[in-house]
Every structure is written in structure tokens, then in C-alpha cells.
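A.B. asks: Before I ask anything, here is the structure I am working with.
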Amino acid sequence: MADEEEKPKAFKVDDRRRFSAEGELKPEHRGTEEARATAASPGASPPPRPSVEAPAASAGAGPAYGAADRTPGTTPEITFGTFVVGLSTQALMHLGEIPDPQAGGMAQDLPAAQQLIDIIGMLQEKTRGNLDHDEQALIDAVLFDLRMKYVERARQASR
């Protein structure tokens, strides 16, 4: 019994989330945000974080999400939020809410939209308990919005 108490624990839990429960940036991450902001353009404020309604707001806003921020030779940071927004943008395109950038027009493909919505739902299920508050709010809002739009389009198609 004395041997069990002397052995070190097998694992250590580190909270690596960038934001606190209140939504504030943690002190250990503040330097990296400021460095990104000054590297982008000295003296400018950091870019606003995308809202939960980003997919719907970009319905006719031109290039794909984040494309305006790209410079040749660089790729934008991929986060869970940008991944979910990218999937939801594809689903909106298949629902006929936004134009297809390759075809140049509006097209509706309900089975493809349903598949993307199911993929986002699967991500929600598989990441349950592992997302921070903002990520959870984003995926909940995106799924609700997409499911409502899908039901609306499916009813229109059946008439």
C-alpha cells in the first residue's frame, strides 16, 4: 500500500484553451494575438472574430469565407470554427442559399446538403464536452440554422 502512494501519477491534465469561461483571452495567449495583429498591419486593431451568423451573413458577399484575408504564399489558420463555417457554407450552397462559385449560379442539391448537415451533426456529437463555449455555441447555431433551412427547402421541393 505504501508503494502505491509513492508512484507518480500516470497523466497530467493541461487546459490549453485560449479563452476563459468568461470569453476573455487568457494571459498566456495575449502575446500571440498582439503579435499577429501587429504583423498584419502595425497600429491596426485585430480583426473581429466571426459571429455565429457568419454563414448566413456571407450569402452574397463575394469570395469564400476568409479568402479576402489571404495573401499569396500564406494560408489562413484553420480552427474548429473555420472548419465548421466552411462546411456550413458548402451546405448553404447546396441548399440554394448562396451561389456556387465554380458554376456561377444558384443550384439546389438536397441530398448533398443533408449529408453535410449530418457531418456537422456527427462532429457535434463526437466533440461533445471537448469544445469551449464559443465553439459549442457556433456549432449549435449553425446546425439549427441549416436544419431549419433544409426543412423549408424540402417542403418546397415536395409541393
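The values are calculated or read from the model by the stated rules, or taken from the named source; none is laboratory data. What you see is a predicted model, and the numbers here were worked out from it, not measured in a lab. So basically every Cβ, Gly included, is an ideal-geometry build from the backbone, and we count neighbours across all protein chains shown.
A.B. asks: Being within 11 Å of the chain's Cα centre (by Cα) and in contact (Cβ under 8 Å) with a residue 60 or more places away in the chain is the filter; apply it to segment 131-140 and report the residue that is surrounded by the most Cβ atoms within 10 Å (Cβ to Cβ).
C.D. replies: LEU138
A.B. asks: Take LEU146 and decide whether it is surrounded by 12 or more Cβ atoms within 10 Å (Cβ to Cβ) and farther than 30 Å from PHE19 by Cβ. Reasoning before the result, please.
C.D. replies: Details: surrounded by 12 or more Cβ atoms within 10 Å (Cβ to Cβ): yes; farther than 30 Å from PHE19 by Cβ: no.
No.
A.B. asks: State the number of residues belonging to segment 15-29 that are outside any loop (DSSP other than H, G, I, E, B) and among the basic types (Lys, Arg). Before you say what the answer is, go through the steps one by one.
C.D. replies: Of all residues in segment 15-29, those outside any loop (DSSP other than H, G, I, E, B) come to 19, 25, 27-29.
From what is left, the residues that are among the basic types (Lys, Arg) are none.
Summing the residues that are outside any loop (DSSP other than H, G, I, E, B) and among the basic types (Lys, Arg) in segment 15-29 gives 0.
A.B. asks: Okay, moving on. Kindly establish whether ILE120 is closer than 25 Å to GLU24 by Cα and either part of a helix (DSSP H, G or I) or modelled with pLDDT of 90 or more (or both). Working first, answer last.
C.D. replies: Details: closer than 25 Å to GLU24 by Cα: no; either part of a helix (DSSP H, G or I) or modelled with pLDDT of 90 or more (or both): yes.
When the stated conditions are applied, ILE120 does not pass them.
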